[in-house]
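Structure, as C-alpha coordinates:
The values are calculated or read from the model by the stated rules, or taken from the named source; none is laboratory data. Given the structure is predicted, the values throughout are model-derived calculations rather than measurements. Every residue, glycine among them, receives a Cβ derived from its backbone with ideal geometry; neighbour counts consider all protein chains shown. For the accessible areas, the whole protein counts, side chains as well, though only heavy atoms, and no ligand, DNA or RNA atoms are used. Shrake-Rupley method; radii C 1.70, N 1.55, O 1.52, S 1.80 Å.
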Amino acid sequence: GTYARTFSENVVKPMEIDTWFDLNLGAEYQINKQFSAFMKLNNLLNDGYFRWYQYPVYKFNVLAGLGFSF
(Lines give C-alpha, C1' and ligand atoms only; values in the text may rest on other atoms or scores of the structure.)
Protein backbone atom coordinates (compact mmCIF):
# COMPACT_ATOMS: atom_id res chain seq x y z
CA GLY A 1 0.00 0.00 0.00
CA THR A 2 0.83 3.67 -0.05
CA TYR A 3 1.00 5.85 3.02
CA ALA A 4 0.49 9.58 3.51
CA ARG A 5 1.50 11.81 6.40
CA THR A 6 -1.45 13.36 8.20
CA PHE A 7 -1.37 15.74 11.12
CA SER A 8 -3.61 15.53 14.14
CA GLU A 9 -3.06 17.72 17.19
CA ASN A 10 0.53 18.48 16.09
CA VAL A 11 1.33 14.79 15.78
CA VAL A 12 2.29 13.16 12.49
CA LYS A 13 0.27 10.01 11.82
CA PRO A 14 0.53 7.64 8.85
CA MET A 15 -2.64 7.02 6.86
CA GLU A 16 -2.94 4.22 4.32
CA ILE A 17 -4.21 5.20 0.87
CA ASP A 18 -6.31 2.58 -0.89
CA THR A 19 -4.64 0.66 -3.70
CA TRP A 20 -5.87 1.23 -7.25
CA PHE A 21 -5.78 -0.24 -10.73
CA ASP A 22 -5.89 2.04 -13.77
CA LEU A 23 -6.64 0.53 -17.20
CA ASN A 24 -5.85 2.61 -20.32
CA LEU A 25 -6.01 1.95 -24.05
CA GLY A 26 -4.47 3.91 -26.91
CA ALA A 27 -4.33 3.60 -30.70
CA GLU A 28 -2.91 5.51 -33.64
CA TYR A 29 -3.79 5.14 -37.32
CA GLN A 30 -1.45 6.37 -40.04
CA ILE A 31 -3.74 7.55 -42.87
CA ASN A 32 -0.88 8.39 -45.22
CA LYS A 33 2.64 9.86 -44.93
CA GLN A 34 1.32 13.21 -43.77
CA PHE A 35 -1.85 12.51 -41.77
CA SER A 36 -2.51 10.38 -38.72
CA ALA A 37 -5.30 10.06 -36.16
CA PHE A 38 -5.05 8.92 -32.56
CA MET A 39 -7.29 8.10 -29.62
CA LYS A 40 -6.49 7.42 -25.99
CA LEU A 41 -9.03 6.05 -23.48
CA ASN A 42 -8.04 6.57 -19.85
CA ASN A 43 -9.38 4.89 -16.70
CA LEU A 44 -11.63 2.45 -18.54
CA LEU A 45 -12.96 1.05 -15.27
CA ASN A 46 -14.26 4.53 -14.27
CA ASP A 47 -12.69 4.08 -10.85
CA GLY A 48 -12.47 7.18 -8.65
CA TYR A 49 -9.35 7.04 -6.50
CA PHE A 50 -6.65 9.23 -5.01
CA ARG A 51 -3.22 8.97 -6.64
CA TRP A 52 -1.78 10.93 -3.69
CA TYR A 53 -3.46 12.03 -0.49
CA GLN A 54 -6.38 14.37 -1.35
CA TYR A 55 -5.46 14.46 -5.09
CA PRO A 56 -8.22 12.63 -7.00
CA VAL A 57 -7.74 11.48 -10.59
CA TYR A 58 -10.16 12.03 -13.45
CA LYS A 59 -12.61 9.24 -14.00
CA PHE A 60 -13.11 7.87 -17.53
CA ASN A 61 -11.90 10.33 -20.19
CA VAL A 62 -11.05 10.33 -23.89
CA LEU A 63 -8.33 12.15 -25.79
CA ALA A 64 -8.46 12.13 -29.59
CA GLY A 65 -6.82 14.13 -32.32
CA LEU A 66 -5.25 14.42 -35.73
CA GLY A 67 -1.60 14.71 -36.63
CA PHE A 68 -0.03 16.40 -39.62
CA SER A 69 3.59 16.38 -40.69
CA PHE A 70 5.18 18.36 -43.50
Discussion item. Rounded, prolate or oblate, given the Cα gyration tensor of the chain, with a/c below 1.5 counting as rounded?
Written reply: prolate
Discussion item. Given contacts defined as C-alpha pairs under 8 Å and at least six residues apart, what's the relative contact order of the stretch 7-58, whole-number percent?
Written reply: 30 percent
Item to complete: For the stretch 1-46, state which GluC sites (Glu not before Pro) are in a DSSP loop and have at most 16 other beta carbons lying within 10 Å of their beta carbon.
Response: Glu9
Discussion item. Let me cross-check Asp47: its accessible surface, 1.4 Å probe, with only protein heavy atoms counted, in Å² to the nearest 10?
Written reply: 60 Å²
Worksheet item: Name the residues of the stretch 46-70 whose amide N is less than 18 Å from a point 7 angstrom out from the Cα of Arg5 along the C-beta direction?
Response: 52-55
Worksheet item: Cross-link partners among lysines for Lys59, C-alpha distance below 19 Å, same-chain residues fewer than 8 apart left out?
Response: Lys40
Worksheet, complete the sentence: Treating only Lys and Arg (+1) and Asp and Glu (-1) as charged, each at its beta carbon, one finds that the chain has a dipole about its Cα centre, in Debye to the nearest 20, of 240 debye
